[in-house]
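The values are calculated or read from the model by the stated rules, or taken from the named source; none is laboratory data. As the structure is a computational prediction, the values presented were derived from the model and not from experiment. No Cβ is skipped: glycine too gets one built from the backbone with ideal geometry, and neighbour counts run over all protein chains shown. Just so you know, the surface numbers come from the protein's heavy atoms only, side chains and all, with ligands and any DNA or RNA stripped out. Shrake-Rupley method; radii C 1.70, N 1.55, O 1.52, S 1.80 Å.
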Amino acid sequence: MHQAALEAAGLSGSYRALETPPAFLRARLEEVRRDYTGVNVTIPHKESVQPYLDELSAEAKAIGAVNTVLNDRGRLLGYNTDAAGFIAGLDEAGIPYRGKQALVLGAGGAARAVVYALREQGAWVAVYNRSLERAQALAQDLGVRWVGPALLKEAVQGCDLLVNATSVGMKDPLASPLPEGLLPRRGVVVDIVYNPLETRLLREAQAAGLRVLGGLPMLVWQGALAFELWTGLKPDVGAMYRAAHAVLAGASPESQSAG
Ligand code: NAP
């Protein structure tokens with residue numbers, strides 16, 4: 001996706017994976033400071049990378065997670081483009097969220113970005129997570145409601161916008177984050193899992209007549225925003241979509257890495 005954007009912009013350079021075990025994170029960031037324009041940060045480093053950066057954007061600070069680092073002449077600046085990328089994907093699809101009741105499933109780094117983004121954009125947000133204490137901590141940090149198991153059914157059926165921000169369904173086309181038969185009564189279901197491109201949750205929601213959106217738009221837009229931070233240029237988003245889609249549509253779920 002980034003390689004396609006670089007080529008479309010006529011820029012030399014490359015984007016590649018730097019496998020980084022946790023014990024090597026600090027040394028890796030020093031290498032980035034020396035040799036790279038920027039990096040994306042992914043599981044499991046989005047939170048633990050923060051102490052090694054020189055400055056965080058207001059968004060990254062509020063969310064508590066960094067997915068993009070810009071090397072500004074030796075100073076490492078941390079950003080979170082997952083939040084704005086999620087909203088850009090909704091906007092592109094014409095999905096409304098202002099003033100809507102949103103229920104976000106999950107309490108990891110991605111859920112924090114989605115909850116922050118929806119709250120900032122004027123949605124009424126509640127969060128549900130398998131581990132209740134994590135949902136409660138997220139709700140307290142970001143000033144939203146949490147839902148426990150006793151009220152899950154009511155919250156799902158009553159929401160306008162349901163977002164799966166758990167990793168359930170990733171690399172497993174048969175897994176769903178919701179109990180069998182439970183779906184919203186109206187509105188939109190978004191699954192930010194992008195591998196597979198169509199998850200069980202999306203298939204069931206679509207079959208029930210609900211509008212659906214998968215994880216590809218968020219993936220592409222968070223990448224487009226990172227590209228802009230690194231290069232100062234707006235990328236060819238169509239080229240990024242085509243490259244990402246070609247890889248994800250052609251791949252077996254097992255062969256892809258997490259995002
Ligand atoms: P994470 O920090 O590891 O969080 C994982 C979340 O999933 C936690 O809330 C966890 O609940 C929940 N979970 C995991 N297994 C579960 C299970 N069997 N049943 C119920 N809940 C379960 O991961 P993350 O960084 O937030 O990423 C989450 C997903 O979003 C991944 O699939 C990732 O690929 C995707 N993502 C997509 C994009 C995109 O651009 N489309 C961007 C970022 C992330 P507990 O707290 O109970 O463990």
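The base-10 log of I(q)/I(0) for segment 83-216, evaluated at q = 0.10, 0.14, 0.16 Å⁻¹, reads -0.26, -0.53, -0.71 [Debye formula, identical scatterers on Cα atoms, solvent excluded]. Rounded to whole numbers, the Karplus 3J(HN,Hα) couplings from phi for segment 104-121 are 10, 8, x, 9, x, x, 5, 4, 4, 5, 5, 4, 4, 4, 5, 4, 4, 8 Hz, using 6.51 cos²θ - 1.76 cosθ + 1.60 with θ = phi - 60°, and x at Gly and Pro. Between the amide H of VAL127 and those of VAL104, ARG145, TRP146, VAL147, distances stay under 5 Å, these residues lying 5 or more places away or on another chain, with hydrogens modeled in the peptide plane. Of ARG73, ARG203, ARG33, which is the most mobile in a GNM of the chain whose springs link Cα atoms less than 10 angstrom apart? Among ARG73, ARG203, ARG33, the largest GNM mean-square fluctuation belongs to ARG73.
Using heavy atoms of the protein chains and a probe of 1.4 Å, the accessible area assigned to ILE43 is about 110 Å².
Atom-type composition of the exposed protein surface of segment 83-216 places 50 percent of the accessible area on carbon and sulfur (1.4 angstrom probe). Using the 1.4 Å probe convention, the accessible area of segment 50-170 works out to 42 Å² per residue with neighbouring protein chains retained. A straight Cα-to-Cα reach below 28 Å connects LYS234 with the lysines LYS46, LYS61, residues fewer than 8 places away in its own chain not being considered. Its Cα centre serving as origin, the chain has a Cβ charge dipole (Lys and Arg +1, Asp and Glu -1) of approximately 380 debye.
Of all beta bridges that DSSP places with both ends in the chain, some 30 percent have antiparallel geometry. The translational diffusion coefficient of the chain, from Stokes-Einstein at 20 °C and 1.002 mPa s with a Kirkwood hydrodynamic radius over alpha carbon pairs, comes to 114 µm²/s.
Under 12 Å from the Cβ of THR68, count the other residues' Cβ atoms, weight Lys and Arg +1, Asp and Glu -1, and hand me the total. Spelling it out: positives minus negatives among the neighbours equals -2. Restricting the trypsin sites (Lys or Arg not before Pro) of segment 92-131 to loop positions (DSSP other than H, G, I, E, B) with no more than 14 neighbouring Cβ atoms within 10 Å leaves ARG98, ARG130. Exposed loop sites were defined as GluC sites (Glu not before Pro) in DSSP loop states (anything but H, G, I, E or B) carrying at most 10 other C-beta atoms within 10 Å; in the chain the longest segment without such a site runs 20-179. Rounded to the nearest 20, the size of the Cβ-charge dipole of segment 83-216 about its Cα centre is 200 debye, with Lys and Arg at +1 and Asp and Glu at -1. Dividing the summed helix terms, -39500 (n - 2.57) for each DSSP H run of n ≥ 4, by the number of residues in the chain produces a 222 nm estimate of -12000 deg cm²/dmol to the nearest 500. Translational diffusion coefficient of segment 19-122 (Stokes-Einstein, Kirkwood radius from Cα pairs, 37 °C, 0.692 mPa s): 226 µm²/s. Across GLY238, GLY13, GLY143, mean-square fluctuation computed from a Gaussian network of the chain (C-alpha pairs under 10 Å connected) peaks at GLY13.
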